[in-house]
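Please treat every number below as a calculation from the coordinates, not as lab data. Computed from a predicted structure; not experimentally measured. Note: ideal-geometry Cβ built from the backbone for every residue, glycine included; neighbour counts use all protein chains shown.
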Amino acid sequence: MAVAISVKVLLFARLRELAAARSLEVAVPPGATVRDVWDSAVTRHERLRGADAGVRVALNEEYSSWDDAVHAGDSVAFIPPVAGGSGRPGVHVLLTADPLDPSAAEALVRTDADGGVCTFTGVVRNHAEGRAVERLEYEAYPEMAEPQMRRVGEEALRRTGATAVALWHRTGRLEIGEASVVVSASAPHRAEAFEACRYAIDTLKAEVPIWKKEHGDGGAVWVDETTRTHSAPPPGVS
């Protein structure tokens, strides 16, 4: 009989709450796939059953397929729909629990050769979809989020011809009025700066593994920014 292999599972946002664990080890047979790893996790934590709708997967910190094979010692991350160093010069990435300063991001990207600097700042508001909001909580998968943010920035420059771009995002607890995300882009002309900024923020919100939890009326819910759907917490979790 073949000896089972051990695979590390990483869970985030609503999946982490459902399992009451951020990581766990599961045993699967040789030749198992990412889907088999999920099924094994569901066997351990029944609350995960049916929670894979819209979930993306990453194998060893790279986006992957549910059908990809896993090997002993691999790490598999299950990533719910998201709420946001090295590499190409001109791309500045920051994922931090500290307050964000939009003016500092602008100063980082601006050069004397640029005629336009466009900055988007997302701030915590006191309502969402007719529901009062008291505060937000952001959770990230840093090992993937930072490289993904860098790739978004690189693509923004490639697509638009902008000079530089900064993508900064907060994690942890944020109060009303605090900046949750800052994207700043510089370019010789305003059109390229606007385009780079818009592409970067839209793609960051859609693809980077950062999740938002709204605290307010009726408790706390994880929010899928791509569809504005709310994922209710399991019984006993607020």
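With charges set only on the Cβ (+1 for Lys and Arg, -1 for Asp and Glu), what does the dipole of the chain come to about its Cα centre, in debye to the nearest 20?
Values: 26 positive and 34 negative charges, 47 e Å.
Once rounded to the nearest 20, the dipole reads 220 debye.
When the Karplus curve 6.51 cos²θ - 1.76 cosθ + 1.60 is applied with θ = phi - 60°, which whole-Hz ³J(HN,Hα) does each residue of the stretch 33-45 get, with x for Gly and Pro?
Residue by residue, the stretch 33-45 yields 10, 4, 4, 5, 5, 4, 4, 5, 5, 5, 4, 6, 10 Hz.
Compute the distance from the alpha-carbon center of the stretch 177-227 to that of the stretch 31-49, in whole Å.
31 Å
Which of 51, 64, 76 sits closest to the plus end of the dipole of the chain, meaning its Cα is farthest towards the positive end, when Lys and Arg get +1 and Asp and Glu get -1 on the C-beta?
Most positive-ward Cα: 51.
Starting from the amide H of residue 116, placed 1.01 Å from N in the peptide plane, find each other amide H under 5 Å away whose residue is 5 or more places distant or on another chain.
For residue 116, whose amide H was placed from the backbone, the distant partners under 5 Å are 187, 189.
Restricting things to alpha carbons, find the Rg to Rh ratio for the stretch 33-173 using the Kirkwood radius for Rh. Walk me through the intermediate numbers first.
Values: Rg = 18.8 Å, Rh = 18.0 Å.
Using only Cα positions, Rg/Rh for the stretch 33-173 is 1.05.
Run through all the Cα pairs of the stretch 117-201 and give the fraction in each 5 Å bin from 0, expressed as whole percent.
Reading the bins upward from 0: 3, 16, 21, 18, 16, 14, 9, 3, 0.
Expressed in whole Å with the largest first, what are the equivalent ellipsoid semi-axes of the chain derived from the C-alpha gyration tensor as the square root of 5 times each eigenvalue?
Values: eigenvalues 241, 107, 31 Å².
Semi-axes from the Cα gyration tensor: 35, 23, 12 Å.
Using a basic spin-label model with each label point 7 Å from the Cα along Cα→Cβ, how many nm lie between residue 110 and residue 35?
With each label placed 7 Å out from Cα toward Cβ, I get 5.4 nm.
For the pair residue 175/residue 158, report the inter-label distance in nm, with labels modelled 7 Å from Cα in the Cβ direction.
Label-label distance for residue 175 and residue 158, simple model: 4.2 nm.
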